[in-house]
1. Going residue by residue through the range 233-252, is there one that turns out to be open to solvent by less than 70 Å² (accessible area, probe 1.4 Å), under 23 Å from the mean Cα position of the chain (by Cα) and polar (S, T, N, Q)?
2. Please specify each residue of the range 37-56 satisfying the condition of being open to solvent by 20 Å² or more (accessible area, probe 1.4 Å) and either touching a Pro at 6+ places or on another chain (Cβ under 8 Å) or of a type outside the set (S, T, Y) (or both).
3. Identify, by number, the condition in (1) surrounded by fewer than 22 Cβ atoms within 10 Å (Cβ to Cβ); (2) in a helix (DSSP H, G or I); (3) more than 14 Å from the chain's Cα centre (by Cα) that M32 doesn't meet.
4. Got at least one residue in the range 10-22 being assigned to a helix (DSSP H, G or I) and open to solvent by 50 Å² or more (accessible area, probe 1.4 Å)?
5. Six or more apart or on different chains, Cβ atoms under 7 Å: show the pairs whose first residue is in the range 77-105 and free of Cβ contacts under 8 Å to residues at least 40 places away in the same chain and whose second is of a type in the set (S, T, N, Q).
6. Could you tell me whether the range 260-270 includes any residue that is surrounded by 14 or more Cβ atoms within 10 Å (Cβ to Cβ), over 22 Å from L109 (Cα atoms) and charged (D, E, K, R)?
7. With the condition being in contact with a strand residue (DSSP E or B) (Cβ under 7 Å, 6 or more places away or on another chain) and in contact (Cβ under 8 Å) with a residue 12 or more places away in the chain, I'd like the helices (runs of 4 or more DSSP H) fully within the range 174-247 carrying at least 1 qualifying residues.
8. Just to be sure I understand the filter: pairs with C-beta atoms under 7 Å, separated by 6 or more residues or on different chains, first member in the range 56-76 and touching a residue at least 40 places away in the same chain (Cβ under 8 Å) and within 29 Å of D145 (Cβ to Cβ), second member in a strand (DSSP E or B) and basic (K, R). Which pairs pass?
Amino acid sequence: MGYNTITCEIDDGLLLLRLNRPEHLNAFTVEMADELVDIYSRASRDDAVKAIVVTGEGRAFCAGMDLSVGGNVFGLDESLSPSMDDMRNRLESPEIDRGVRDTGGRVALAMFECLKPIVGAINGAAVGIGATMTLPMDFRLASDDARFGFVFGRLGITPEACSTWFLPRIVGLEKALEWFYSARIFDAREALDAGLVRSTHPRDELLAAACAFARSLITDRSPVSVALIRQMLYHNAAQPHPLDAHRVESLAMFYTSIGDGREGVSAFLEKRQPAFRATTSAMPPFHPWNDS
């Protein structure tokens, strides 16, 4: 696929995605953002991919934005004076998309819309965007020596990558505020205690543990069922009334019941493993139901 800042390999349904700038501790760039957006979109459409595991090459996961590049290090066009009206009505225009939109946010939204489970194997420092890009992952496993930091306040900037939406949902508002205000570095144990990571592992066992866990989510499961579950939970949990969830769930149940649901019921009654055939490249006609 010709990527310069990431590598990808597929093994029996598992896409292993590595951030691949080890000489720079996998520091984030605009090019990396573009490549990550592309691979998450490709993975959604690729029926060979059932789940995604994300890790960093070398001794870090991602040390944050690469601050050594020239000009605006965040890749933004300082000649512009954007407004909230621009963000609401011109988000996809080239000028706003490339000159104003937060690059980490574009990645986070691509992850949010992805149809495949995403498991992070956080193998070292995850700072700034290196921390916030993990938040749209479904699960995060970390090495014992991993370090996290939402350090934006130290630089006089604000959180990005949709992290003000994701982080309070994961660890609660008070803990999110503490980490954002203090901008301090904290260890894997604190991340585990706060619920940011699912488990910690010796560094040399982390990737195998993450891959094994990812496989447990997809083995003998319908890809369409998994995709809908992921999208339903992320979208419906933010709806103002359970009726909104009911509308989506009704359509999801209808279409899965006449698809892989038939095979699932037959396999259950016949006491055998199911042979699901539905694919995420041909989702039910009501998907996507949220165009925002």
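The values are calculated or read from the model by the stated rules, or taken from the named source; none is laboratory data. Model, not experiment: these values are computed from the prediction. Methodologically, a virtual Cβ is constructed for each residue, glycine included, from the backbone with ideal geometry; neighbour enumeration extends over all protein chains shown. Note: areas computed on protein heavy atoms with side chains; ligands, DNA, RNA excluded. Shrake-Rupley method; radii C 1.70, N 1.55, O 1.52, S 1.80 Å.
1. Start the filter on the range 233-252 by keeping residues that are open to solvent by less than 70 Å² (accessible area, probe 1.4 Å), which leaves 234-236, 238-239, 244-245, 248, 250, 252.
Applying the additional criterion that residues be under 23 Å from the mean Cα position of the chain (by Cα) yields 234-236, 238-239, 245, 248, 252.
Right, trim to polar (S, T, N, Q) and you get 236, 239.
Taking every residue of the range 233-252 in turn, at least one turns out to be open to solvent by less than 70 Å² (accessible area, probe 1.4 Å), under 23 Å from the mean Cα position of the chain (by Cα) and polar (S, T, N, Q).
2. V37, D38, R42, R45, D46, D47, A48, K50 - these are the residues of the range 37-56 that are open to solvent by 20 Å² or more (accessible area, probe 1.4 Å) and either touching a Pro at 6+ places or on another chain (Cβ under 8 Å) or of a type outside the set (S, T, Y) (or both).
3. With respect to (1) surrounded by fewer than 22 Cβ atoms within 10 Å (Cβ to Cβ); (2) in a helix (DSSP H, G or I); (3) more than 14 Å from the chain's Cα centre (by Cα), M32 is out only on (1).
4. Kept after step one, since they are assigned to a helix (DSSP H, G or I), are these residues of the range 10-22: 22.
Among the residues that remain, those that are also open to solvent by 50 Å² or more (accessible area, probe 1.4 Å) are: 22.
Yes, there is a match, as at least one residue in the range 10-22 is assigned to a helix (DSSP H, G or I) and open to solvent by 50 Å² or more (accessible area, probe 1.4 Å).
5. E78/N72
6. First, the residues of the range 260-270 that are surrounded by 14 or more Cβ atoms within 10 Å (Cβ to Cβ): 260-261, 263-264, 267.
After this cut, where a residue has to be over 22 Å from L109 (Cα atoms) as well, the list is 260-261, 263-264, 267.
After this cut, where a residue has to be charged (D, E, K, R) as well, the list is 260, 263.
There is at least one residue in the range 260-270 that is surrounded by 14 or more Cβ atoms within 10 Å (Cβ to Cβ), over 22 Å from L109 (Cα atoms) and charged (D, E, K, R).
7. Working: elements: 188-194, 203-218, 223-236.
Here the list reads 188-194, 203-218.
8. Sorted first by the residue in the range 56-76, then by its partner, the pairs are G56/R18; E57/R18.
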